[in-house]
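Single-structure report; data block below.
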Amino acid sequence: MKTALHQWGVAEALSQLHARTVSAEELAQALLDRAERIDGQVHAYLWRDPAQVLRDARAADQRRRRGDADDLPPLLGVPLAIKDVMPVRGMPTSYHSRWASPESAPEDAACVARLRATGAILLGKLSTHEFAIGGPTQDLPYPAARNPWKLTHHPGGSSSGAAAGLAAALFPAAIGTDTGGSVRGPADACGVLGLKPTHGDIPMRGIRPLTYTLDQVGPMTRTARDLPLILAALSGRPMAISWREDLRGLRVGYLRHFHTEDVAADPEIAAALDTAAQDLRSLGADVREVRLPALPYCMAITGVVASVEAWLAHRDGLRDAPRKYTGRSRRRLAIGAFLSGADYLDAQRRRQALKADVDALLADCDLLLAASSLRPACRIDDDAAIDASYPFEARSPFSATGHPALNLPIGFTASGLPIGAQFIGRYRGEAGLIASAETYLQARWQSRYPLFPADT
């Protein structure tokens with residue numbers, strides 16, 4: 001069955017654009033039309049300018065007609081969307097907050113400038129948790145993004161609109177940010193791929209920090225083969241991927257104790273993780289159980305560092321105009337005010353030890369397999385459930401260590417909500433993570449999309 005334009009990934013869009021079977025303008029128009037039909041239910045976007053998008057797409061088409069195919073920018077005409085914590089020239093930056101200024105940004109964040117230089121078409125700005133920390137609440141100035149698999153449910157965060165819009169096929173790729181799991185968490189909840197690259201490999205210049213030593217920009221896609229195309233643009237370095245038919249010789253360390261001993265996962269998630277481990281074995285990988293310090297201990301390291309740094313980043317705003325923040329943002333940001341310098345320094349000391357622990361595992365393993373979320377997505381209108389969900393994840397340890405970590409889909413619950421897992425690799429080992437994920441997904445994953453009334 002022929003794939004609809006709005007379901008194309010980055011690689012397929014590039015192939016069709018190169019072959020001139022479709023124009024950038026036609027592709028952009030198809031995605032704009034879909035957003036017009038669907039986004040009133042998903043609320044992935046906070047800001048769009050369709051007229052400017054079409055002008056940019058027409059300019060890309062003209063450049064393709066005039067240029068030598070070998071001399072064109074690598075993402076020319078490919079539509080992307082950007083989390084609304086990153087300034088994009090000509091678009092307002094809201095942070096999904098009452099602090100938002102209606103004025104358009106005068107220049108791009110450094111990572112956005114890199115995307116623009118590759119010829120990508122920037123479709124718009126995406127819903128987030130307030131300042132990438134607050135979460136969906138009733139006191140937000142704009143609607144919160146919804147999980148497209150079940151619109152009554154939370155899409156994860158804080159890159160919520162990016163994951164929700166990807167799953168709903170509103171764009172082929174999105175750019176999010178990840179401090180304690182904010183790319184991987186919504187990717188898990190919405191059944192897409194989300195990569196936190198090696199810390200420091202993508203410039204954060206121009207982006208207002210949530211924290212100073214954890215924040216990281218990361219790409220989000222529906223297929224593994226699309227990730228290196230976006231990551232190369234963001235990092236400024238080409239990526240050579242050795243795609244493989246099987247996983248023979250791959251050594252996988254399974255951090256099973258995270259979700260069986262340390263913090264008990266939902267039974268469906270635990271079963272899906274064990275099945276994924278067995279599937280990796282059936283593809284030829286040597287999967288063995290390995291151990292790190294207990295998950296709550298690892299999470300606490302990230303929590304202390306993030307809380308102190310987030311308080312510092314927002315201290316003046318919280319003191320001068322606290323009511324401009326939502327209640328959940330105020331509660332989460334204020335935690336850092338009650339931590340001491342000694343707490344922070346001790347957490348940083350323990351952080352270095354945890355990095356060494358992960359490095360030691362990766363000296364004997366090519367990648368680590370771990371849970372992502374330990375609970376399925378909850379209802380978006382259940383504040384207590386949302387607040388209670390924060391400890392039930394296994395992403396934040398690898399935010400503290402800075403290792404690249406990739407969320408990939410591995411199944412669905414009986415109620416139809418996605419389940420994800422993480423691959424964690426050596427520093428600058430993204431190519432191996434992506435290649436392994438592609439082999440697994442090609443063998444064990446059948447792409448599917450949530451169904452909306454407008455699709456029938």
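Some values worked out for this structure:
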read-out: Test: residue in region 151-158 that is surrounded by fewer than 21 Cβ atoms within 10 Å (Cβ to Cβ), modelled with pLDDT of 95 or more and farther than 27 Å from residue 213 by Cα; value: yes
read-out: Subset of region 378-429 that is of a type in the set (Ser, Thr, Tyr) and within 22 Å of residue 135 (Cα to Cα) - its residue that is surrounded by the most Cβ atoms within 10 Å (Cβ to Cβ); value: 399
read-out: Matching helices (runs of 4 or more DSSP H) fully within region 8-83 where at least 3 residues are touching a Pro at 6+ places or on another chain (Cβ under 6 Å); value: 24-42
read-out: When residues of region 399-451 are limited to those that are assigned to a strand (DSSP E or B) and of a type in the set (Phe, Trp, Tyr), the one nearest to the chain's Cα centre (by Cα); value: 423
read-out: Residue satisfying all of: in region 114-150; in a loop (DSSP other than H, G, I, E, B), in contact with a Ser or Thr (Cβ under 8 Å, 6 or more places away or on another chain) and of a type in the set (A, V, I, L, M, F, W, C); modelled with the lowest pLDDT among these; value: 140
read-out: Members of region 285-328 that are touching a residue at least 24 places away in the same chain (Cβ under 8 Å), over 21 Å from residue 359 (Cα atoms), of a type in the set (D, E, K, R) and surrounded by fewer than 18 Cβ atoms within 10 Å (Cβ to Cβ); value: 324
read-out: Unmet requirement for residue 261, which otherwise passes all of (1) in contact (Cβ under 8 Å) with a residue 40 or more places away in the chain; (2) within 27 Å of residue 214 (Cβ to Cβ); (3) assigned to a helix (DSSP H, G or I); value: (1)
read-out: From the options 231, 166, 170, 227, residue that is in contact (Cβ under 8 Å) with a residue 12 or more places away in the chain, assigned to a helix (DSSP H, G or I), among the hydrophobic types (A, V, I, L, M, F, W, C) and farther than 17 Å from residue 424 by Cβ; value: 166
read-out: Residue 275 assigned to a helix (DSSP H, G or I), among the hydroxyl-bearing types (Ser, Thr, Tyr) and touching a residue at least 40 places away in the same chain (Cβ under 8 Å); value: yes
read-out: Filter result for residue 241 (in contact with a Lys or Arg (Cβ under 9 Å, 6 or more places away or on another chain), surrounded by fewer than 24 Cβ atoms within 10 Å (Cβ to Cβ), of a type outside the set (Gly, Ala, Ser) and farther than 28 Å from residue 352 by Cβ); value: yes
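The values are calculated or read from the model by the stated rules, or taken from the named source; none is laboratory data. This one's a predicted model, so the numbers in the text were calculated from it and none came from an experiment. Ideal geometry is used to build each Cβ from the backbone, glycine not excepted, and the neighbour counts take in all protein chains shown.
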